[in-house]
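> Provided herewith is a single structure, encoded as structure tokens, for subsequent inquiry.
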Amino acid sequence: LGIDVKDGEQGGQAAQEVAPNVSLTVSTCRYSGSTVGRSVTVGYERLSGSGIGPMRDQIRRQFDQSCNQKERVSGLGDVACWGDAKHTRLTFLKGTTTVTVSVFQSVTDPDLAEPLKTVAQKAAGRLP
């Protein structure tokens with residue numbers, strides 16, 4: 001993102017059963033920039049368990065629908081889209097995991113679309 005970042009601060013991780021034999025794990029990590037007023041947050045939500053099989057298609061359809069009115073991003077996970085027109089939030093689905101990469105900036109900076117895509121691609125590469 002054009003700045004050095006400090007080590008990530010885990011924002012917490014929680015898991016709960018959301019359906020028979022299906023667990024949802026949610027986790028976030030925040031990276032503060034060396035420049036005051038800029039940080040990056042990577043969050044993920046992962047569904048897992050023996051009951052997930054029949055839900056895979058439904059998860060994909062729902063995520064795809066959530067991207068209908070948004071700008072799509074190709075080449076990232078199964079489905080990906082920008083969360084806003086300013087390209088400060090990118091969300092993608094890979095399998096049964098949803099990852100959101102967000103940048104906070106207190107000043108107007110150039111378009112961060114490409115750097116955010118790079119961060120998202122690195123996160124996608126670490127998923128099973």
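The values are calculated or read from the model by the stated rules, or taken from the named source; none is laboratory data. A quick note: this is a predicted structure, and the numbers were derived from the prediction, not measured. FYI the Cβ positions are ideal-geometry reconstructions off the backbone, even for glycines, and counts take in every protein chain you see. In case anyone asks, the SASA skips ligands and DNA or RNA and just uses the protein heavy atoms, side chains included. Shrake-Rupley method; radii C 1.70, N 1.55, O 1.52, S 1.80 Å.
> Counting only residues that are of a type in the set (A, V, I, L, M) and open to solvent by 50 Å² or more (accessible area, probe 1.4 Å), which one in the range 17-45 is modelled with the highest pLDDT? Spell out how you get there, then give the answer.
Residues of the range 17-45 of a type in the set (A, V, I, L, M): 18-19, 22, 24, 26, 36, 40, 42.
Right, trim to open to solvent by 50 Å² or more (accessible area, probe 1.4 Å) and you get 18, 26, 36.
Numbers: Val18: 89, Val26: 93, Val36: 63.
It comes out as Val26.
> Let me ask something additional. Evaluate the following for Arg72: is it among the basic types (Lys, Arg) and exposed (fewer than 14 other Cβ atoms within 10 Å of the Cβ)?
It is true that Arg72 is among the basic types (Lys, Arg) and exposed (fewer than 14 other Cβ atoms within 10 Å of the Cβ).
> I need every pair where a residue in the range 8-30 that is over 14 Å from Tyr44 (Cβ atoms) has its Cβ under 6 Å from the Cβ of a residue that is modelled with pLDDT of 90 or more and open to solvent by 60 Å² or more (accessible area, probe 1.4 Å), sequence separation at least 6 or different chains.
Asn21/Ser50
> Scan (1) basic (Lys, Arg); (2) surrounded by fewer than 19 Cβ atoms within 10 Å (Cβ to Cβ); (3) within 12 Å of the chain's Cα centre (by Cα) for the single condition Arg56 breaks and write down its number.
Failing condition for Arg56: (3).
> Could I ask something else about it? Considering only residues that are of a type in the set (A, V, I, L, M) and open to solvent by less than 50 Å² (accessible area, probe 1.4 Å), look in the range 105-128 and name the one that is modelled with the lowest pLDDT. Break it down into steps so the answer makes sense when it comes.
Here is the first cut: in the range 105-128, the residues of a type in the set (A, V, I, L, M) are 107, 112-113, 116, 119-120, 123-124, 127.
This time we only want the ones that are open to solvent by less than 50 Å² (accessible area, probe 1.4 Å), so: 112-113, 116, 119-120, 123-124, 127.
Numbers: Leu112: 74, Ala113: 79, Leu116: 79, Val119: 83, Ala120: 86, Ala123: 86, Ala124: 87, Leu127: 82.
By that ranking, first place goes to Leu112.
> For Gln69, indicate whether it is touching a residue at least 60 places away in the same chain (Cβ under 8 Å), farther than 14 Å from Gly43 by Cα and of a type outside the set (Lys, Arg).
Spelling it out, it is not the case that Gln69 is touching a residue at least 60 places away in the same chain (Cβ under 8 Å), farther than 14 Å from Gly43 by Cα and of a type outside the set (Lys, Arg).
> Taking the conditions exactly as written (surrounded by fewer than 19 Cβ atoms within 10 Å (Cβ to Cβ) and under 12 Å from the mean Cα position of the chain (by Cα)), does Arg89 satisfy them or not?
yes
> Of the residues Ser102, Ser48, which is within 13 Å of the chain's Cα centre (by Cα) and either surrounded by 12 or more Cβ atoms within 10 Å (Cβ to Cβ) or under 19 Å from Leu24 (Cβ atoms) (or both)?
Testing whether each residue is within 13 Å of the chain's Cα centre (by Cα) and either surrounded by 12 or more Cβ atoms within 10 Å (Cβ to Cβ) or under 19 Å from Leu24 (Cβ atoms) (or both) leaves just Ser102.
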